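This report refers to the structure that appears directly beneath it.
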Amino acid sequence: LKKNQVIEMEHVKYYQCTLCNKVYDKKRYIFTCPSCGEHGILDVIYDYASLRHILTESYFRANLDFSIWRYLPILSVLDRHTDETLRVGWTPLYDSKHLREQIHLRHLYIKDEGLNPTGSLKDRASVIAVLKALEARKHIVSCSSTGNAASSLAGNAAKMGLKSVIFVPKRAPIGKLTQLQVYGSTLITVDGDYKDAFSLSKKAISHFGWYNRNAAINPHLVEGKKTVAFEIAEQLHFRVPDWVVVSVGDGCTIAGVYKGFYDFHQIGLIHKIPKLLGVQAEGCSPFVDAVDEERLIRESAENTIADSIAVGIPRNPIKALRAVSESLGAWVKVSDQAIMDAMFLMGKAEGIFAEPAASASLAGVIEAKRQGIIKEKDSVVVISTGNGLKDVKNATDHGEKPVLMKPDLSELIEYMNAKEKSEENYG
Ligand SMILES: *Cc1c(COP(=O)(O)O)cnc(C)c1O
Ligand SMILES: [Zn+2]
């Protein structure tokens, strides 16, 4: 295909409002439904009938682009500058043999999203955001974030020669803030929590006319996130698992995972949509509590070490609730202690260092198994959404302290003998 030929986004049919179902022309530059306002989040709907003939198993087998762009025909970006972005996606899906035995599951896989260029699944959305910003001829991109959306936007913007203005709550972990400094963002630390950072960014974005990467209201970002589901399907040779497990803050990630499986199911590449397990932290569980108590979502405290899912007012409630209910999935919440235990379990058993919010997914599997929601025979994919090096403080505080000794072999021998003995005694 020739460059600049206008075949682009040809498979996008229209945008559809998730509230009122009204349909909008794909050429319109809108994020939310003009009749429903800011709660009318849009879905991107494709021409699945024509995609059935293009996106076949043999198409994927022959595709040597091991990045998010292997899915370009079913993304809502123009085919411009895709060869200039950071390399996002095609992260490994590990068959987690040791962990599977330890938590008594027959089939367990971990999708390590911490290996994306800025260290989290958010890169899948941010790389789309920077291309959409270029399409809209904007030179400054902006978002508010608990950390990963921000560091990811900043890195992806830098690669494309764009500037970024980032609003973060005061409690963002140092690793994520450092990324912003290194990627050259204008960094606004808001004296308040995530809600306050979000509200100031919203006003600023509309005042200055920057490109808005606040995930919930921008339908193209969920489109980016859905590629993680495409990869899981491909990596399992189109035999999808019984469960896919996702930690939930705003709800955009789980909505994206659902959309990916939905798209592949519509095209006929997979025969079912896996059940989605939404996992939240006990100290901030607005989704779980609303579902348990069969009521609307209420604002919650943001009281957990899992900063990436400490979202008191989720911005994408409709899509997230729909993802879990339509997939016939479930919701669970886990304590901070369970999250830290899961972090060390994943590290020791599989060599994957996940940040607290990412470790929450594994803690969620253990909790769901305890409750009988997940059965031993079920196949499970845990999405580890972010890299542990972003937040070493919590890990250091919970980890075994290193020993200090003189540079003396006999002291070391004594120590190793004692250690061996205590491990024999206590397993
Ligand atoms: C953002 C994020 C999540 C949750 O995604 P939401 O779209 O906010 O639900 C989970 N884990 C990590 C590491 C994240 O950065
Ligand atoms: Zn609407």
Original post:
Between Ile41 and residues 5 or more places away or on another chain, which pairs have amide H atoms under 5 Å apart, with H built 1.01 Å from N, and which residues are they?
Top reply: Thr18, Leu19, Cys33
Original post:
Solvent-accessible area per residue for the chain at a 1.4 Å probe radius, Å²?
Top reply: 44 Å²
**OP:** Rank by packing, highest mean first: peptides 400-407, 411-418, 194-201, with packing defined as the count of other Cβ atoms within 10 Å averaged across residues.
**Re:** 194-201, 411-418, 400-407
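Dipole size in debye (nearest 20) for the chain around its Cα centre, Lys and Arg Cβ +1, Asp and Glu Cβ -1?
Working: 53 positive and 51 negative charges, 316 e Å.
That gives a dipole near 1520 debye.
Determine the share of the stretch 52-169's accessible area contributed by carbon and sulfur atoms, expressed in whole percent, with a 1.4 angstrom probe. Mind dumping the intermediate values first?
Working: 2290 of 4500 Å².
Accessible surface attributable to carbon and sulfur in the stretch 52-169 totals 51 percent.
Using 28 Å as the Cα-Cα cut-off, could you pick out the over-long pairs in Lys13/Lys377; Lys159/Lys319; Lys132/Lys319; Lys26/Lys226?
Values: Lys13/Lys377 40 Å; Lys159/Lys319 30 Å; Lys132/Lys319 22 Å; Lys26/Lys226 19 Å.
In this structure, Lys13/Lys377; Lys159/Lys319 exceed 28 Å between Cα atoms.
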Original post:
With charges only on Cβ, +1 for K and R and -1 for D and E, what is the dipole size of the stretch 21-130 about its Cα centre, in debye, rounded to 20?
Top reply: 180 debye
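What full-extension length gain, to one decimal in nm, is calculated for Glu293 and Glu38 as 0.36 nm per residue of separation minus the Cα-Cα distance?
Here the answer is 89.2 nm.
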Subject >> Positive-end residue, the chain charge dipole about Cα centroid, Cβ charges, pick of Leu321, Ala216, Gly351 >> reply: Ala216
Original post:
If contacts are Cα pairs under 8 angstrom and at least 6 residues apart, what is the relative contact order of the chain in percent?
Top reply: 16 percent
**OP:** Distance between Cα centroids, the stretch 248-324 to the stretch 72-134: provide it in whole Å.
**Re:** 18 Å
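Tell me, what % of the accessible area of the stretch 310-371 is carbon and sulfur with a 1.4 angstrom probe? Write down the numbers at each step before the final one.
Working: 1190 of 2130 Å².
With neighbouring chains kept in place, the figure for the stretch 310-371 is 56 percent.
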Subject >> Asp397/Tyr24 FRET efficiency (R0 51 Å; Cβ-Cβ; nearest 0.05) >> reply: 0.55
Original post:
Once phi is turned into θ = phi - 60°, what whole-Hz ³J(HN,Hα) does the Karplus curve with 6.51, -1.76 and 1.60 give for every residue of the stretch 68-78, x standing for Gly and Pro?
Top reply: 4, 6, 5, 9, 3, x, 10, 10, 9, 10, 6
**OP:** Have a look at Asn21, Leu86, Ser308 and report the one farthest towards the positive end of the charge dipole of the chain, computed about the Cα centre with Cβ charges (Lys/Arg +1, Asp/Glu -1).
**Re:** Asn21
Original post:
Percent antiparallel among DSSP beta bridges with both residues in the chain, to the nearest 5?
Top reply: 30 percent
Original post:
In nm, to one decimal, how far is the Met405 label point from the Asp196 one, both placed 7 Å along Cα→Cβ?
Top reply: 4.9 nm
Original post:
With a Cα-only, solvent-free Debye model of the stretch 196-295, what are the log10 I(q)/I(0) values at q = 0.18 Å⁻¹?
Top reply: -0.92
**OP:** Rank-order 349-357, 155-163 by packing density, defined as the average count of other C-beta atoms within 10 Å over each peptide's residues, highest first.
**Re:** 349-357, 155-163
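Need the full-extension length gain, His53 to Lys377, defined as separation in residues times 0.36 nm minus the C-alpha distance. One decimal, nm.
Between His53 and Lys377, full extension yields 113.2 nm more.
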**OP:** Go through Phe167, Asn148, Ala136 and say which Cα lies farthest out towards the positive end of the charge dipole of the stretch 118-173; charges sit on Cβ, +1 for Lys and Arg, -1 for Asp and Glu.
**Re:** Phe167
Original post:
Using unit Cβ charges (K, R positive; D, E negative) and no other charged atoms, how large, in debye to the nearest 20, is the dipole of the stretch 234-336 about its Cα centre?
Top reply: 440 debye
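The values are calculated or read from the model by the stated rules, or taken from the named source; none is laboratory data. Everything numeric in this text was worked out from a predicted model, so none of it was measured. A quick note on method: Cβ atoms are made from the backbone with ideal geometry, for glycine too, and the neighbour counts reach across all protein chains shown. We work out accessible area using only protein heavy atoms, side chains counted, and drop any ligands, DNA or RNA first. Shrake-Rupley method; radii C 1.70, N 1.55, O 1.52, S 1.80 Å.
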